[in-house]
Amino acid sequence: MRPPSQMKWRSDPNFSTFRIGRRELVIHRDIAPQAGQIMQKLGELTSAVEAGACNRRSAYRLDLDGGVELFARRGRRGGMIGFILSDVYVGMAPRPLTELGVTIEATRRGIPVAEPMGAMIDWIGPALYRGFFLTRAVRGMTLWEFVKTDDDPTVRSHVLGQARAAIDTMHNKGLLHADLNLHNLLVTRARDSFTVVIIDLDKSRLFDAPLSSAMRRKNAARLMRSARKLDPSGRFLDAAALSILNPS
């Protein structure tokens, strides 16, 4: 089983590239008229001191002219290296552009992911860059936030089942998530019910066949570690809840 080419955005007619100075912006044609505004807003976020939302406090909502709402995730490193380099990355193949290609292909395959809208690279030196990844804004909350706020057992079981279904679809259609955790599963409304969208495909990989059992177990183990780390006492996610998320 081999991973196919990840750079789908280069041949996708729905995306255009804009370059101004050291910044390279790849965006969906629906928002191409707002390219200048997007570059300005992302440039302001590059030097922003306020923390964003989500796991690494790196997510921001962008409100554009015409009522367009985007979700921008600023690339930020985790672990010890994050204390040294923070949001600076090294390489000639920027991760936000690779993620854009992966997310475009995941969308084409019918995997429930946030709609990809673009990426911006701010080249600060030879092979040194900061990056942003853009999706259309999705109203909702992370699965972790949801299980802490909704105490209806029927609703909670339904949402956990929706999360499991989203993960199964992802695996069956060949996507290996690099960081599957409770923060990267987004609960949103679908008419009178709920559905779950998968977010943050940074470093994720696409394959041309359903994932192997070993790959699925790897993703499941990461998700369970996330649950135990966030909820060590099982107050919000007891054994029954976890069995829905990970029936194996």
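The values are calculated or read from the model by the stated rules, or taken from the named source; none is laboratory data. These numbers were taken from a predicted model, which means no experiment stands behind them. For neighbour counting, all protein chains shown are included, and Cβ atoms are generated from backbone atoms with ideal geometry for every residue, glycine included. Just the protein is used for accessible areas: all its heavy atoms, side chains included, with ligands, DNA and RNA removed. Shrake-Rupley method; radii C 1.70, N 1.55, O 1.52, S 1.80 Å.
At a Cα cut-off below 20 Å, give the lysines reachable from residue 229, other chains included and same-chain residues fewer than 8 away excluded.
148, 218
From the P(r) of the range 126-171, could you give the percentage of C-alpha pairs in the tail past 15 Å?
Values: 650 of 1035 pairs.
So the portion of pairs separated by more than 15 Å is 63 percent.
Dipole size in debye (nearest 20) for the chain around its Cα centre, Lys and Arg Cβ +1, Asp and Glu Cβ -1?
Working: 37 positive and 25 negative charges, 157 e Å.
Here the chain has a charge dipole of around 760 debye.
For the full complex of protein chains and a 1.4 angstrom probe, list 243, 11 by accessible area with the highest value first. Write out the running numbers ahead of the final one.
Values: 243 60, 11 95 Å².
The residues order as 11, 243, largest area first.
Just tell me which aspartates and glutamates come within less than 12 Å, Cα to Cα, of residue 203; anything on the same chain fewer than 8 places away is out.
Partners within reach: 99, 179.
On average, how much accessible surface per residue is there in the range 126-169, in Å², for a 1.4 Å probe, leaving out ligands, DNA and RNA? Can you show the working numbers first?
Numbers: 1990 Å² over 44 residues.
With all protein chains present, the range 126-169 gives 45 Å² per residue.
Just the Cα atoms of the chain: what Rg and Dmax do they give in Å?
18.2, 54
What is the helix-to-structure angle for 35-46, meaning the angle in degrees between its Cα long axis and the longest Cα principal axis of the chain, kept from 0 to 90 and rounded to the nearest 10?
70 degrees
Rounded to a whole number of µm²/s, how large is the Stokes-Einstein D of the range 133-221 at 20 °C and 1.002 mPa s, given Rh as the Kirkwood radius over C-alpha pairs?
Details: Rh = 13.8 Å.
So the translational diffusion coefficient is about 156 µm²/s.
What is the distance, in nm, between label points placed 7 Å from the Cα along the Cα-to-Cβ direction at residue 123 and at residue 225?
Each label point lies 7 Å from its Cα, and together they span 3.6 nm.
Give, in nm to one decimal, the length gained when the segment between residue 69 and residue 90 is fully stretched (0.36 nm per residue of separation minus the Cα-Cα distance).
4.6 nm
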